[in-house]
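Here the structure is laid out as structure tokens; the discussion comes afterwards.
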Amino acid sequence: MPEVETIKRIIEPQIVGVKIDSVITNHSQVIAYPDMYRFEQETNGQTINKMSRRGKYLTIHFDSGDRLILHLRMTGQLLVTPHNYPMENHTHLIMNLSNGTQLRYIDVRRLGRFWLFGKNDIDDKSGLEKLGMEPLDNNLTAPYLVAHLSKRKRPIKEMLHDQTVIAGIGNIYSDEILHAAGIYPGKYCSDLSDKEWNSLVVKIREIIRNSIETNRMSPQEYLEGKGKEYRNMPYLRVYGQKGERCKNCGSIIEKIVIGGRSSCYCPHCQKKD
């Protein structure tokens, strides 16, 4: 979510008030709804009113009331470029904008998806409406987590990825949150103490907020990095650091697999019960 929020903050000021003159779709696979031809036809001529984020989803709102929802998934990038900017490989969607720029979607693995809904359409396709609480929502409390997760005999690492409970936490930040909270990633939700639930809420807010702030960059810096480089990577304390020393205690960071996802943790700071 911090990376998606960064994209929103950088892209939105560059496209608000701008009209879409034409759309070029190089791979129809990225258009989830409607079909590619309707998508292009109904997007052409729309004027962009604002951009919003919910969880890991971005929504482009048009003056007409229509809305375009997109999810970049694991490898997608969204760039605003000059029209003559060198074209990246794996550019699947191009929107030519009335101010002479282009909004481009690039994705090596082609996993991202776009949905276009009319003003009065109900979104029953993207999954956006099923999302749970935002990580920085003041209503995200220990009692909320207890009510939704405390009876689950599943690892807390896995449950932090449940987007219907908390929207926006992925593999990177679940590792960082659990390390900061001192909770072993394989510990079952049903075994967490009240103290651990309270710590979890505090650290979710702290890690997500700090990650958003450290990601701040200018549109030029973002374009130079082609939407792949984020400034918070040097601040990560455990994610992807198997075999390195824990920055808290000096112990060697270990890695396990939980729910099909890798999980790095410190065996000293995050002791098994």
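A Cβ distance below 6 Å, combined with a sequence gap of six or more or placement on separate chains, defines the contacts here; from region 146-166, residues that are surrounded by fewer than 16 Cβ atoms within 10 Å (Cβ to Cβ) reach residues that are of a type outside the set (S, T, N, Q) and assigned to a loop (DSSP other than H, G, I, E, B) in the pairs Thr164/Gly132. Of the strands (runs of 3 or more DSSP E) entirely within region 22-103, those holding at least 1 residues that are among the basic types (Lys, Arg) and closer than 19 Å to Gly227 by Cα occupy 48-54. Any residue that is polar (S, T, N, Q), more than 24 Å from Met233 (Cα to Cα), open to solvent by 50 Å² or more (accessible area, probe 1.4 Å) and modelled with pLDDT under 95 - is there at least one of those in region 87-103? Yes, that holds for at least one residue.
Name the residues in region 231-259 that are over 21 Å from Asp191 (Cα atoms), within 26 Å of the chain's Cα centre (by Cα) and small (Gly, Ala, Ser), would you? Scanning region 231-259 gives a single hit, Gly240. Residues of region 139-176 that are in a helix (DSSP H, G or I), closer than 18 Å to Ile208 by Cα and of a type outside the set (Phe, Trp, Tyr): Ala142, Leu145, Ile156, Lys157, Glu158, Met159, Asn171, Ile172, Ser174, Asp175, Glu176. The one condition from (1) surrounded by fewer than 19 Cβ atoms within 10 Å (Cβ to Cβ); (2) touching a strand residue (DSSP E or B) at 6+ places or on another chain (Cβ under 8 Å); (3) of a type in the set (A, V, I, L, M, F, W, C); (4) within 30 Å of Asp175 (Cβ to Cβ) that Leu72 does not meet is (1).
Residues in region 39-59 that are in contact (Cβ under 8 Å) with a residue 40 or more places away in the chain and closer than 15 Å to Lys119 by Cα were compared, and the one that is most open to solvent (accessible area, probe 1.4 Å) is Glu42.
Each residue in region 185-195 was checked for being open to solvent by less than 50 Å² (accessible area, probe 1.4 Å) and part of a helix (DSSP H, G or I), and 2 of them qualify. With respect to the conditions (1) among the aliphatic types (A, V, I, L, M); (2) farther than 17 Å from Arg261 by Cβ; (3) open to solvent by less than 10 Å² (accessible area, probe 1.4 Å), Leu178 lacks only one, and its number is (2). Looking at Lys255, is it modelled with pLDDT of 95 or more, open to solvent by 100 Å² or more (accessible area, probe 1.4 Å) and either farther than 18 Å from Ala180 by Cα or touching an Asp or Glu at 6+ places or on another chain (Cβ under 7 Å) (or both)? For Lys255, the condition - modelled with pLDDT of 95 or more, open to solvent by 100 Å² or more (accessible area, probe 1.4 Å) and either farther than 18 Å from Ala180 by Cα or touching an Asp or Glu at 6+ places or on another chain (Cβ under 7 Å) (or both) - is not met. Between a residue in region 190-206 that is of a type in the set (Val, Ile, Thr) and any residue that is open to solvent by 30 Å² or more (accessible area, probe 1.4 Å), which pairs come within a Cβ distance under 8 Å, given they are 6 or more apart or on different chains? Note: pairs meeting the criteria are Val201/Thr141.
For (1) in contact with a helix residue (DSSP H, G or I) (Cβ under 6 Å, 6 or more places away or on another chain); (2) over 27 Å from Met133 (Cα atoms), each residue gets a yes or a no:
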| position | (1), (2) |
| --- | --- |
| Val18 | no, yes |
| Glu40 | no, yes |
| Gly45 | no, yes |
| Lys56 | yes, no |
| Leu78 | yes, no |
| Pro86 | no, yes |
| Leu111 | no, no |
| Asp121 | no, no |
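Which residue pairs have Cβ atoms closer than 7 Å, lie 6 or more positions apart in sequence or on different chains, and pair a first residue in region 208-226 that is farther than 21 Å from Ala180 by Cβ with a second residue that is of a type in the set (S, T, N, Q) and open to solvent by less than 30 Å² (accessible area, probe 1.4 Å)? Qualifying pairs under 7 Å: Leu223/Thr81; Lys226/Gln77.
Reported count of residues in region 196-222, each being open to solvent by less than 60 Å² (accessible area, probe 1.4 Å) and either assigned to a helix (DSSP H, G or I) or of a type in the set (S, T, N, Q) (or both), is 16.
Just one of the numbered conditions (1) in a loop (DSSP other than H, G, I, E, B); (2) open to solvent by less than 20 Å² (accessible area, probe 1.4 Å); (3) over 13 Å from Ile183 (Cβ atoms); (4) not aliphatic (A, V, I, L, M) is not true of Arg237: (2).
Scanning region 10-38 for residues that are touching a residue at least 12 places away in the same chain (Cβ under 8 Å), of a type outside the set (Val, Ile, Thr) and closer than 19 Å to Met74 by Cα turns up His27, Gln29, Ala32.
The values are calculated or read from the model by the stated rules, or taken from the named source; none is laboratory data. All values reported here derive from a predicted model rather than from experimental measurement. Glycine gets a Cβ as well: all are built from the backbone with ideal geometry, and neighbour counts include every protein chain shown. These area figures cover heavy atoms from the full protein model, side chains too; ligands, DNA and RNA do not enter into them. Shrake-Rupley method; radii C 1.70, N 1.55, O 1.52, S 1.80 Å.
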